């Protein structure tokens, strides 16, 4: 199999690239091959550093990884290759290489990257559009199923008897065919695109405390009581700062790894050979 590139003594073959791009469309093939080559070069640079650092994998670590592999959605970080396309030896080599690389990366980040509250707040301010909470409403619901005879007339009769939230609760419990009748018809909070269009249209048009007239859907006739409305707004920093801290810390680690790989590319440029005629 023709060799596409070489990193130290590690050879990257056409088969290695094809394996990573096996299920990619023809239009995406060129970009996939280029990205696959870059990933493989990065992988072998890290593997070289792992070996240089004296990192090894014990039998116990390998056996444990085999069992964990069975539960992974993307085993061995291969984009499009299933395990049954690998020989047992190829699978063993790939797994051991991945374990060594992961061990090296973990040793590289042996201590948590320090992240200050100011850094997290800066990230929140810069990415604030991603922390926008959608407009939401809350409604209670009476459903008169269209399986009932004269469902429309029954819904209209019930609506005439409802003058307030207390009446709504009573008639909901007595007549509603929706399972929510056990909790006064409460549908909870929801944003646009969650409920069926008929309920959504009425729910967002009502005022808080207002009760709708009966309206149809494929399920029957509905009556809504709007119990809450929340405008579109940003999630407060204090509510999500803990989860953001972990995310910023991960971003910092990813940045350090990218920078480390760039340094390795520069340091070992003479050890990276790409046979362009095969690309």
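Throughout, read-outs are computed from the coordinates displayed, never taken from laboratory work. Given the structure is predicted, the values throughout are model-derived calculations rather than measurements. Using ideal geometry, Cβ is built from the backbone for each residue, glycine included, and neighbour counts are taken over all protein chains shown.
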What is the Cα convex hull volume of the chain when expressed per residue in Å³? 231
17 Å tail of the calculated P(r), the range 121-260, as % of Cα pairs: 66
Mean separation of Cα contacts under 8 Å (at least 6 apart) over the residue count of the range 135-231, i.e. the relative contact order in percent, is 46
Give me 225, 179 sorted ascending by neighbouring Cβ count inside 10 Å, so fewest comes first. 179, 225
Can you sort 178, 21 from fewest to most other Cβ atoms within 10 Å of each residue's own Cβ? 178, 21
For the chain, what relative contact order do you get, as a whole percent, if you take Cα pairs closer than 8 Å and at least 6 residues apart? 24
When 224, 99 are ordered from fewest to most other Cβ atoms inside 10 Å of their Cβ, what list results? 99, 224
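If you take the Cα atoms of the range 103-188, find Rg, then find the Kirkwood Rh from the mean of 1/r over all pairs, what is Rg/Rh?
For the range 103-188, the value is 1.47.
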Computed on alpha carbon atoms, what radius of gyration and Dmax characterise the range 157-240, expressed in Å? 14.3, 49
Can you give the helix-only mean residue ellipticity at 222 nm for the chain, where every DSSP H stretch with n ≥ 4 adds -39500 (n - 2.57) and the sum goes over all residues, rounded to the nearest 500 deg cm²/dmol? -16500 deg cm²/dmol
Hydrodynamic radius by Kirkwood for the range 24-63, inverse mean 1/r across distinct Cα pairs, in Å, is 12.4
Any chance you could check the Cα centroid distance between the range 208-259 and the range 23-66 for me, in angstrom? 38
